[in-house]
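Okay, so here's the structure we're looking at.
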Amino acid sequence: MRAYIKWLKAIVVLSVLLVAGLHIGAWSIDSWSAPRAAKLPARSPIALNDLQQALDTEFAPVVKDGLLRPSTGCGVAIGIIDHGQRRVFTYGAAQADSIFEIGSVTKTFTGLALAQLAAQGKVRLDEPIRPILFPNLDPAKMTELLAYLRTPASPAIEHAAAPLPAGPATEYHFTGYNKFLDPDGYPAIAPPWGTLSAIDMNTGKYLWKIPLGEYPALAAQGLSNTGSENYGGPIVTAGGLVFIGATVYDRKFRAFDAATGQLLWETTLPFAGIATPATYSIDGKQYVVIAASGGRDPKSPVGGSYIAFSLP
């Protein structure tokens, strides 16, 4: 095992130690005052039994007069697992039983933000944490938040797979992106289930709003213009045409009158056009093209095609 010790002198370790008084300790070095880390050669390998002495020697001046001196409230902990045995070396304010968390980006940036506020004189390092974080949060929620901050994070996949703990504080939890459907598999709300709208950008008012898409099985029963789930945006040409695919189930590609919303033309694509079309011109002739791939409806075909149409 290689131990690279000297570079630790140029690192500031932010440790949030939540104690009974609920105070926060943080250290900040702004870019204008941070010393440049020297490029030091790598150490020779150190035997595990000699690591304690090597660390003590390297950290001694930092603990005495540097960033880990008692007045800073900063600490460094180095944890090693060797053949199932756990060893922790601590310096400064850190203790062997201190609670640490590795890999939580949100909490790291929270600590950095608080350190920056302290450096700007907006908060004090000995100021209680409650007025700083969520001053309007009720005591029960604050207690729950602090308990979370003190709990070492598990890998994200474990968070996703494990059920949330039950209790009065857990009001909601995530079960996935589930759709609200009726027994037949259609949206359990009144149609339209998808719309295309035109809005006057000067007034913010709707110019027109129409259903977009349909379910082929319902259309065969006479229930057309229900609208449907759609993914993809429209384009508007200089001549006042709106082209859009987007509809998942009917695989249609449509053209509307931009002024009125009237359907002018439609065709069926080999796969659903889950994309925004584009238009271009060659030798004075205008074309519109869309990528058709499908994939949103498990019952529909899936593939990959670019399909272009010429405008009259």
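Figures for the structure shown
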quantity	calculated
Residue under evaluation A217, criteria (1) small (G, A, S); (2) part of a loop (DSSP other than H, G, I, E, B); (3) more than 33 Å from the chain's Cα centre (by Cα), criterion not met	(2)
For A308: the one exception among (1) in contact (Cβ under 8 Å) with a residue 40 or more places away in the chain; (2) of a type in the set (A, V, I, L, M, F, W, C); (3) loosely packed, with under 15 Cβ neighbours inside 10 Å	(1)
Sole exception among (1) part of a loop (DSSP other than H, G, I, E, B); (2) at pLDDT 70 or above; (3) surrounded by fewer than 11 Cβ atoms within 10 Å (Cβ to Cβ) for T151, by number	(2)
Residue check for D250: among the acidic types (D, E) and without any contact (Cβ under 8 Å) to a residue 12 or more places away in the chain	no
Filter result (of a type in the set (S, T, N, Q), assigned to a loop (DSSP other than H, G, I, E, B) and within 28 Å of G185 (Cα to Cα)) within region 253-312	T276, S293, S300
Residue in region 178-234 that is nearest to T260 (Cα to Cα), counting only those that are without any contact (Cβ under 8 Å) to a residue 60 or more places away in the chain and among the acidic types (D, E)	D200
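The values are calculated or read from the model by the stated rules, or taken from the named source; none is laboratory data. Quick caveat, the model's predicted, so the values are computed rather than measured. All Cβ positions, even for glycine, are placed from backbone atoms using ideal geometry, and neighbour counts span all protein chains on display.
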